[in-house]
Amino acid sequence: MQKSSFDQIASFFHPLIVSMIKKLHIYKDYDEYYQIALIGLWRAYQKFDESKGSFSAYAYTTVRGTILSHLKGTILYEERETPAEQNLLSLNEDPALPVPLESEIIKQHIEHLTGREKIYVIEHLLEGYSYKDIAYKYGVSTGAVKN
């Protein structure tokens, strides 16, 4: 049996590659995954042994495996890299500092409260103290602070 050139093989398996990319729901980086599929097809073309079965089945398995392997690597990369960037951003934020707009809104809504009630609200909502800590600090019950 005469061996075909890789260009002929690639054009023959073009529908298979396109179909496989669609079945795997790859919608981003289509050209990249098409090239990866061609690399898988090239590997199958180079390593195929006629005594072990049909080329079509071997090519299908090899191309699919190559695409899935790349997808897995891409997913692992995104999982490892993206959260690190988010963590760096969150490290730069100081959660103890109130957002100016937030503190202004709270201060507008507590104008009608007594002086002590205002202190409780500000210390709890803006400064992050627990009800228990505020109660201990001012020598009152936790219920009084909550009310």
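The values are calculated or read from the model by the stated rules, or taken from the named source; none is laboratory data. A quick note: this is a predicted structure, and the numbers were derived from the prediction, not measured. Because the Cβ atoms are built from the backbone with ideal geometry, glycine has one as well, and the counts that use them run over all protein chains shown. Just the protein is used for accessible areas: all its heavy atoms, side chains included, with ligands, DNA and RNA removed. Shrake-Rupley method; radii C 1.70, N 1.55, O 1.52, S 1.80 Å.
Structure above, values below:
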quantity: Part-to-part distance (alpha-carbon centres) for segment 102-122 and segment 1-77, which is given in Å; calculated: 66 Å
quantity: Ser54-Ile75 FRET efficiency (beta carbon distance; Förster radius 30 Å; 0.05 resolution); calculated: 0.45
quantity: Reachable lysines, given that their alpha-carbon falls under 21 Å from the alpha-carbon of Lys47 and they are not under 8 places away in the same chain; calculated: Lys3
quantity: Whole-Hz couplings from phi, Karplus 6.51/-1.76/1.60, listed for segment 25-32; x for Gly and Pro; calculated: 6, 8, 10, 9, 6, 4, 4, 4
quantity: Potential extension, Lys23-Glu127 segment - 0.36 nm per residue separation minus Cα distance; calculated: 32.1 nm
quantity: Surface share of carbon and sulfur [accessible, 1.4 angstrom probe, percent] for segment 1-82; calculated: 55 percent
quantity: Listed residue pairs exceeding 25 Å between alpha carbons, taken from Lys22/Lys52; Lys107/Lys146; Lys28/Lys72; Lys107/Lys137; calculated: Lys22/Lys52
quantity: Estimated inter-spin distance, Lys118 and Trp42, nm [label 7 Å along Cα→Cβ]; calculated: 7.4 nm
quantity: Pairwise FRET efficiency - Ser141 versus Glu104, Cβ, R0 = 22 Å, nearest 0.05; calculated: 0.15
quantity: Selection of trypsin sites (Lys or Arg not before Pro), segment 1-69, meeting DSSP coil and at most 16 other Cβ within 10 Å; calculated: Lys3, Lys28
quantity: Net charge, Thr142 excluded, C-beta distance under 14 Å - Lys, Arg +1, Asp, Glu -1; calculated: +1
